[in-house]
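The next block holds one structure in the form of structure tokens; read it before the comments.
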Ligand code: 5RP
């Protein structure tokens, strides 16, 4: 596939983030197009620096790409906890709350991020937003009785004061999309999410909901790339922001 202009921004963030991967680490690998750049950059870094790392993929697609890139893989059960995870995001707000799951891997991504000591989120700078919700919020639900779970979610959203929302069952090429865990995904078009922490808690109380795509307190460092190679790394704890530039060379 041909690279887009946004790919340069994704590449910049990905290339900057892999510098944090050190010899001997166990590393979680996210899913999506930005994570795919990171996996390619990581494969190159492993070769250049003879790094010995063990990585845990968050999806079948990431497993396949990481294997092609020569990254040695393991399972979360094998390592238990991870030193570092690098993953993408669909939106991230100024409090480092995120919407994830555009690639339908939110369940494994949340488990892997929660098991990591350090969490680096990479994105092109358009994903950094004031308020979450322009991107539809993915919610993973079991297939059994999904219409009833959808109705329960509608009631909940009404109770929480949401109006004019729309919920879509995610499809791919005209068929219902199934996650790597064989579940369905509902996309909640909400417009604005004022209290992501409350919404996340409430959604997970609905019977049939496995997990939702609001990620709270799962980002230690947000690495934002732009198309000219500029990178801004924002630390959630200290509030520090560090700027650098990635040299694209002939890479992209
Ligand atoms: C997959 C995700 C991805 O990280 C998110 O959708 C961002 O993807 P991309 O980098 O392709 O924009 O959460 O479930």
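All but one of (1) without any contact (Cβ under 8 Å) to a residue 40 or more places away in the chain; (2) within 16 Å of the ligand (Cβ to nearest atom); (3) under 19 Å from residue 229 (Cα atoms) hold for residue 10; state the number of the condition that does not hold.
Condition (1) is where residue 10 drops out.
Hand me the list of strands (runs of 3 or more DSSP E) wholly inside the stretch 23-101 holding 3 or more residues that are closer than 30 Å to residue 134 by Cβ and under 11 Å from the mean Cα position of the chain (by Cα). Walk me through how you get there before you give the answer.
Values: elements: 26-29, 54-57, 82-87.
Strands (runs of 3 or more DSSP E) meeting the threshold: 82-87.
Mind checking which strands (runs of 3 or more DSSP E) fall wholly inside the stretch 167-252 and carry at least 1 residues that are more than 16 Å from the ligand (Cβ to nearest atom), touching a residue at least 12 places away in the same chain (Cβ under 8 Å) and in contact with a strand residue (DSSP E or B) (Cβ under 6 Å, 6 or more places away or on another chain)?
On the way: elements: 184-189, 209-212, 221-225, 230-235, 241-245.
The strands (runs of 3 or more DSSP E) meeting that bar are 209-212, 230-235, 241-245.
Quick check: anything in the stretch 139-160 within 9 Å of the ligand (Cβ to nearest atom), touching a residue at least 24 places away in the same chain (Cβ under 8 Å) and touching a helix residue (DSSP H, G or I) at 6+ places or on another chain (Cβ under 8 Å)?
Restricting attention to the stretch 139-160, the residues satisfying the condition of being within 9 Å of the ligand (Cβ to nearest atom) are none.
Within the stretch 139-160, none of the residues are within 9 Å of the ligand (Cβ to nearest atom), touching a residue at least 24 places away in the same chain (Cβ under 8 Å) and touching a helix residue (DSSP H, G or I) at 6+ places or on another chain (Cβ under 8 Å).
Please indicate, with yes or no, whether at least one residue in the stretch 27-43 is in the same structural domain as residue 122 (by TED's automatic domain parsing), away from the ligand (no atom under 14 Å from the Cβ) and farther than 19 Å from residue 10 by Cβ. Outline the logic, then answer.
Taking the stretch 27-43 as the starting set, the residues that turn out to be in the same structural domain as residue 122 (by TED's automatic domain parsing) are 27-43.
From what is left, the residues that are away from the ligand (no atom under 14 Å from the Cβ) are 27, 42-43.
Next, only the ones that are farther than 19 Å from residue 10 by Cβ stay: none.
Looking for residues that are in the same structural domain as residue 122 (by TED's automatic domain parsing), away from the ligand (no atom under 14 Å from the Cβ) and farther than 19 Å from residue 10 by Cβ, one finds none in the stretch 27-43, hence no.
Return the residue satisfying two criteria in turn: it lies in the stretch 102-133 and is assigned to a loop (DSSP other than H, G, I, E, B) and within 12 Å of the ligand (Cβ to nearest atom), and of such residues it is surrounded by the most Cβ atoms within 10 Å (Cβ to Cβ).
Step one: of the stretch 102-133, the residues assigned to a loop (DSSP other than H, G, I, E, B) are 102-105, 115, 129-131, 133.
Restricting the remaining residues to those that are within 12 Å of the ligand (Cβ to nearest atom) gives 102-105.
Values: 102: 21, 103: 22, 104: 25, 105: 28.
Among those that are assigned to a loop (DSSP other than H, G, I, E, B) and within 12 Å of the ligand (Cβ to nearest atom), it is 105.
The values are calculated or read from the model by the stated rules, or taken from the named source; none is laboratory data. None of these values were measured; they are calculated from a predicted model. Please note: Cβ atoms are built from the backbone with ideal geometry, for glycine as well, and neighbour counts cover all protein chains shown.
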